[in-house]
Structure formats: C-alpha cells, structure tokens
Amino acid sequence: EPEVTQTPSHQVTQMGQEVILRCVPISNHLYFYWYRQILGQKVEFLVSFYNNEISEKSEIFDDQFSVERPDGSNFTLKIRSTKLEDSAMYFCASHRGYEQYFGPGTRLTVT
Amino acid sequence: DQQVKQNSPSLSVQEGRISILNCDYTNSMFDYFLWYKKYPAEGPTFLISISSIKDKNEDGRFTVFLNKSAKHLSLHIVPSQPGDSAVYFCAATRRGGSEKLVFGKGMKLTVNP
C-alpha cells in the first residue's frame, strides 16, 4: 500500500542553523501539508500546498519557514534560522480525497 | 482557541468491552470529521471519517456517530482489543478550501487483556 515517507527520522541542529525536512507524498495525491506536534501538545497545522503554491498557512508559519516541491515527487519544509521552540515532531501529509495520510514524522531537536 | 475538544485525556477498558471516545467542536463551518490513531514515534494513522450529512459511519469494529445539533461526535470500538491501545485524535475540516485538519488534544486509550 502506498505511504508517505519522511527523512530524516531525527534531526539535531543548533539554534540559528537552517534545516530542511523532506517528504515524499503518495504519488497520485494533489494536496500536501505540514503539521507539527510539540511534545505533549496537539498536532498543529502549519501549511497546505496545492497546484505548486501555498493555499493556506498558519500564524506559526512565519518568514523563517518555506515549502517547496522541487521535482514533482519531493515536498520539503525549510526552516531558515531555527529556534529552540521549533523543537517538535514534524509530520507531512497528503490527500486526494478527504482523508489525509501522514508520514512517520521527523523529530527536530534544536539545541 | 480550541475548536476541537477531547476533554478526557485517557480511557482504560477491558478487552472485549466497548470503548467510547468523545469529541466536541465549536466551529459550525466544519463539515467533515475524522479519527486518527497514533502510536509513539509514528505518524497519525487514519481510522474512519464521517461527513456532516450523515449521523453514523461504520467500518468493522469502528463506528463514528455525529450529532450536529450538539456539535458532538464519538468513536465506538467494539470489541476492544489490546492492539487498540494508542492515542486517538479527533480532527475536523471544512471541505472546499485548503482542507487543513484541526485536531483535538488526543485521548490515550488503554485496553487491558
């Protein structure tokens, strides 16, 4: 069964560094998302992406964040200058109908 | 701003019994509701969904009930199995826009053998 994949599974970075989180959505899906979950809190929406552009972003998704679908298969989330509070699990999701399918997540630790 | 609420953080049931997980929402614009199951260190896994035009949807051991007037939905698992032990998230969306999911805080279900 097709699934969403994410790399790396764990990323440790120093405050102020740039990170790129990678996702490969399910191939025939049209809508792509990033969510995050800070430890012990709920899953929060960051950004949605459709037809090669952002369709909606949350207030968390400030100028330090960007998304890209560089080659028709990968979907990336870049954080330009990481902060301690960016430490979280980041989940990529995709869908074609209404049920979103999530990847296993990348645990980002900012020290 | 908690648009989706799961007020009970945990539930413990005996194997074979029914598990009932509850969820309330405040935004009347939501028209599609989903339940996800999550194990530690994994992503949420889609379980079952329901459109606002229905009041019940069933898939095997899982049934979701929707009460629009009360803005309340529930997930019933019958019979519960130890493998059902996980955190369950209720989520809601409004179709036609970005269709972002708004999640509740989750409920930890423990099914005891």
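The values are calculated or read from the model by the stated rules, or taken from the named source; none is laboratory data. The shown structure was predicted, so the numbers you read here are calculated from the model rather than taken from an experiment. Backbone-built Cβ (ideal geometry, glycine too); neighbour counts: all protein chains shown. Remember, those area values only see protein heavy atoms, side chains included, never the ligands or the DNA or RNA. Shrake-Rupley method; radii C 1.70, N 1.55, O 1.52, S 1.80 Å.
For this structure, a couple of remarks:
- Per-region count, region A:38-62, residues small (Gly, Ala, Ser) and more than 23 Å from residue B:106 (Cα to Cα): 1
- Taken over region B:18-41, the criterion of being in contact with a Pro (Cβ under 8 Å, 6 or more places away or on another chain) and either surrounded by 15 or more Cβ atoms within 10 Å (Cβ to Cβ) or not in a loop (DSSP other than H, G, I, E, B) (or both) is satisfied by B:36, B:37, B:38.
- All positions within region A:84-100 that are open to solvent by 10 Å² or more (accessible area, probe 1.4 Å) and out of contact with any Phe, Trp or Tyr (no Cβ under 6 Å at 6 or more places or on another chain): A:84, A:85, A:87, A:89, A:96, A:97
- Of the residues making up region B:3-17, those that are more than 13 Å from residue B:73 (Cα to Cα) and open to solvent by less than 80 Å² (accessible area, probe 1.4 Å) are B:3, B:8, B:10, B:11, B:12, B:13, B:16.
- Qualifying residue in region A:98-110 (condition: under 18 Å from residue A:19 (Cβ atoms), touching a Lys or Arg at 6+ places or on another chain (Cβ under 9 Å) and without any contact (Cβ under 8 Å) to a residue 12 or more places away in the chain): no
- Residue ranges of strands (runs of 3 or more DSSP E) in region A:1-83 with at least 2 members open to solvent by 80 Å² or more (accessible area, probe 1.4 Å): A:10-13, A:53-57
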